[in-house]
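The structure appears right after this line, and notes come after that.
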Amino acid sequence: MATTQISLPVMGMSCASCTSTVEGALRNLDGVEDVGVNLGAGHASVSYDPRQVNLERMLETLHDVGYDVPSVEASLLVGGMTCASCVAHVEKALTGLEGVTGASVNLGLGLARVSYVPGITAPGQLTRAVRDVGYEAEVQDEGASLLDREREARQEELRKQKRNLWFTLPIAALVMIGTFRDMWFFPSVVPSFLGNPYVLGLLATPVVFGPGRQFFVNSWRGLRHGVTDMNLLYATGIGAAYGIAVLNTLFPEAGFGGRGATFFESAVLLTAFIVLGRYLEAVTRGRTSEAIRKLMRLQPKTARVVRAGAEIEMPADEVLAGDVLAVRPGEQIAVDGLVLDGYSAVDESMLTGESLPVEKGAGAAVIGGTMNKTGAFRFRATKVGKDTALAQIIDLVENAQASKAPIQKLADWVAGHFILGVHILALAVFAFWFFYGYQAFFDPNSSFLLSPFTLGSIGVFGFSLLLSVTVLVISCPCAVGLATPSAIMAGSGKGAEYGVLFKNAEALETTAKLTTIVFDKTGTLTRGEPSVTDVVVADGERGSSEDEILDWAAVAERGSEHPLGEAIVRAAEERGLALRHALDFESVPGQGVAASVDGRPVLLGNRKLMESRGVDVAGVQADAERLEHEGKTAMFVAAGEPAAIAGLIAVADTLKEHSADAIARLHKMGIEVAMVTGDNRRTAAAIARQVGIDQVLAEVLPQDKAGEVAKLQAAGKKVAMVGDGVNDAPALAQADVGIAIGSGTDVAKETGSIILIREDLRDVVTAIEIGRATLRKVKQNLFWAFAYNTVSIPIGAGLLYPALNLVVSPEWAAFLMAVSSLTVTLNTLLMRRFRPSLGSGSPSLQQLPGPGARHPSITAPEGRAA
Amino acid sequence: MNSSAAAPETRKVVRWSVLGYTAVSLSLASAFYAAASLIGSYTEVAKAGGAVWVFMLSMIVSMPLVTSAVKARTTAREGVHDGN
């Protein structure tokens, strides 16, 4: 079955309960296979079979359960249309695109107005579709960027809740004053008519049917689709309070408690607190998804494309791979590419954290989103749209934020059954107080918590209903549902801020529990390329110097493609030695080389070469053994006729700058560190000594690395594997957490569940610190959410009434519920203050590795965690 | 399943669901009323009000449960037919 995946922007989601409503409604559609909702980003990712369900049906369903998918309009100038048939062609081409919700073409104006869902299609695709059917098309107005639209949608939500709040609060205050009119000093200052139940009813009605209407409409729509959410709790609470108040006002003798039990203030304050909670959550929730917005802000909007020798400015999403782009000083680089000509320095700090601008000449790679500084250059686009490194990182972070951590399973189960559970409980509470509790415990002198009102002559039905409604209102599934995803969102965003990309929530959670980290040696702990570490001059070699020995060796090796030869040539060049051409070059396989340098015969190679040519190496034997003990490869240099030993050159793979520091920090965190390598034990041990690792797994074949990780896991350890190569992929997959270096191979990055964008191994420490901070936050949130509900619901149900003669009024219940949900969000927001222990420089979002052959190619996970 | 076949199926699910949850809710409300009439001396208003509240809560609880159950049953039956 062909499955299509789309990401829908969903407006109106305010809490985790909304997440389950959206998920449930979409999942109930035939043909929808998987749904993942990212509350912070306001996106729903849907996998579906297009033969069974289409986008229109999904949008209808979402609208039915009270959520909207915003569509935006673009105007296209369409050239080449001559008749009504052309109009039909263009309209068909546009409406045939996935994500287009409507298209209307005006032949006279040559204009097409297209409504589309952002994220599914883009103006660039619209113009391409029109061009594909033979007409000219360009976007008349650039339209807002995705970020602008996202901001607009958020601001619209804020405006709506603020409008509701400003409407509700003054009326709520008036109703409160009217209700308390006979108390304290109010009789002297508050006019008596304000205490009249009819006036209170008149004031309460527009609140209940105005801002409160959304709860009734949404819960009814949800119920029709078999989905229950927070709206249902609100609607039942507000509806019951208002209904009883109306009954007692219009028919005071009906036996529902009379005029003394008009709960208009309950209905109004309930609405006010819920609206206040929604407003505050809309404000705070925006902050937890700040990382994604920072990433999106880096996306360039326009590009200067060279077409037929002229530079044309166009939207960045219309650039095609292979286009040549011009970049002027101070301009942002639009897409990823390779410099063709020109020269400049590019500020990549927003991506790499590198404070100094990076020089770019012909052949250098440039990354979309970075800023050109001084010069001008042209480059050919290699990756555009969703393929750019920046777009892939955004995708990766969004996926991680939408995925679910294992710890969320319990919370999800509770949140999913909470609403029904609470309604069943409300039913039970009502039955208990109706049939038994009222007769057994009711005292007319008892009162509401924090209120001067006594319950007075309230009847059995009114009292039982009051406690039943309080249970509905005081319960807070939002806090339970929000506890984990909000922290995961903050944690993965924090990771992106410091160059650590978590592919899913499970990786974030498992990272916090790691006990052992296994590092691959070559390319991970070390630079992965040999370099000259020592030059030793043999005793008695009068007149010879280190430079001279290096010079002979470099000239002999000039043109060599052997890694050791290249290292020697590089070292000589770094010392400024002028390399000449050698004569009589002879390569001795497995031993070394022989050549004539400036007329002098030179031998460079291992012991075997020296022995075969009769060179006595006794003078440097001790040095050679010392160097080899240090894990270095010692190469003997002999010169002259007959050949005599002149010295030694040691070559080794050197440690990366921060490897030792990273290991020391991991040890300090109580984490066991091991190194796995295919190298011989002596070399491995030498590297391990330098870096401070005490557990070495040497001479391990690539295919056995995974086995070594499995052995550690079998010993009960939570293991992370850090690697960069293709041969590390099985071990990365076997480990509880695979950590891939961003500059490594695509295979490693696809396999790893965490990608370190920089090559700095201290980011492993940062990853663990972020994982631990996130898990801590999840636990705090869950504790609070469960504790709140465990304590508040029994109190709301009247558990303390027999002992204290106090009941919680519905309005206080609403206030506590709103505070509880907000507390979880605010607690999560504290993660914004998190700084990794490194504290190195300013955090940079999405730090990408430098340009060149190791161009970043971040691969998003294929599926979302369920 | 195609869209033309889906509509009657959906209508069938809706019809059976409405019948199901209304019946459940009415039964519970009637049981409440009967219990209130048999136990203690409640006013008619309390009994009727209580029955209405029980009916409402029962509807809220049973609507999603019954709808899902009917839908699952219909889908399963449809699957059997498809299989044949």
Please work out which one of (1) modelled with pLDDT under 75; (2) outside any helix (DSSP H, G or I) is the condition B:Val80 fails and give its number.
(2)
Having 2 or more residues that are away from chain B (no Cβ under 14 Å) and charged (D, E, K, R) is the bar; report the helices (runs of 4 or more DSSP H) wholly within segment A:443-512 that clear it.
A:477-497, A:505-512
Which of (1) within 30 Å of A:Ser104 (Cα to Cα); (2) at pLDDT below 85; (3) of a type outside the set (D, E, K, R) does A:Val227 not meet, given it meets every other one?
(1)
Within segment A:596-673, which strands (runs of 3 or more DSSP E) (wholly inside it) include 1 or more residues that are of a type in the set (Phe, Trp, Tyr)?
A:633-639
Tell me, yes or no, whether segment B:58-75 has at least one residue that is closer than 18 Å to A:Phe463 by Cα, surrounded by 18 or more Cβ atoms within 10 Å (Cβ to Cβ), at the interface with another protein chain (Cβ under 9 Å from one of its Cβ atoms) and under 20 Å from the mean Cα position of the chain (by Cα).
no
Name the pairs: first residue in segment A:194-215 and in a helix (DSSP H, G or I), second residue of a type in the set (D, E, K, R), Cβ to Cβ under 7 Å, at least 6 apart or on different chains?
A:Leu194/A:Arg181; A:Gly195/A:Arg181; A:Gly195/A:Asp182; A:Pro197/A:Arg259
From A:Thr790, A:Thr823, which residue is without any contact (Cβ under 8 Å) to a residue 60 or more places away in the chain and not aromatic (Phe, Trp, Tyr)?
A:Thr790
For segment A:671-695, name all the residues that are closer than 19 Å to A:Leu732 by Cβ and either modelled with pLDDT of 85 or more or open to solvent by less than 10 Å² (accessible area, probe 1.4 Å) (or both).
A:Ile671, A:Glu672, A:Val673, A:Ala674, A:Met675, A:Val676, A:Thr677, A:Ile693, A:Gln695
The residue that is farthest from B:Thr67 (Cα to Cα), considering only those in segment B:12-31 that are within 9 Å of chain A (Cβ to nearest Cβ) and open to solvent by 20 Å² or more (accessible area, probe 1.4 Å), is B:Leu28
Given the criteria part of a loop (DSSP other than H, G, I, E, B) and either open to solvent by 20 Å² or more (accessible area, probe 1.4 Å) or over 30 Å from A:Ser837 (Cβ atoms) (or both), does A:Leu577 qualify?
yes
Subset of segment A:709-734 (residues that are of a type outside the set (S, T, N, Q), surrounded by fewer than 20 Cβ atoms within 10 Å (Cβ to Cβ) and at pLDDT 90 or above)
A:Ala710, A:Lys711, A:Ala714, A:Ala715, A:Gly716, A:Lys717, A:Lys718
Which condition number in (1) touching a residue at least 12 places away in the same chain (Cβ under 8 Å); (2) more than 10 Å from chain A (Cβ to nearest Cβ); (3) under 23 Å from A:Leu425 (Cα atoms) is the one that B:Ala34 fails?
(1)
Taking segment A:27-56 only, how many residues are closer than 30 Å to A:Gly212 by Cβ and within 14 Å of another protein chain (Cβ to nearest Cβ)?
3
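The values are calculated or read from the model by the stated rules, or taken from the named source; none is laboratory data. Owing to the predicted nature of the structure, the values given are computational and were not obtained by experimental measurement. Note that each Cβ is placed from the backbone with ideal geometry, even for glycine, and that neighbours are counted across all protein chains shown. Accessible surface areas use protein heavy atoms only, side chains included; no ligands, DNA or RNA. Shrake-Rupley method; radii C 1.70, N 1.55, O 1.52, S 1.80 Å.
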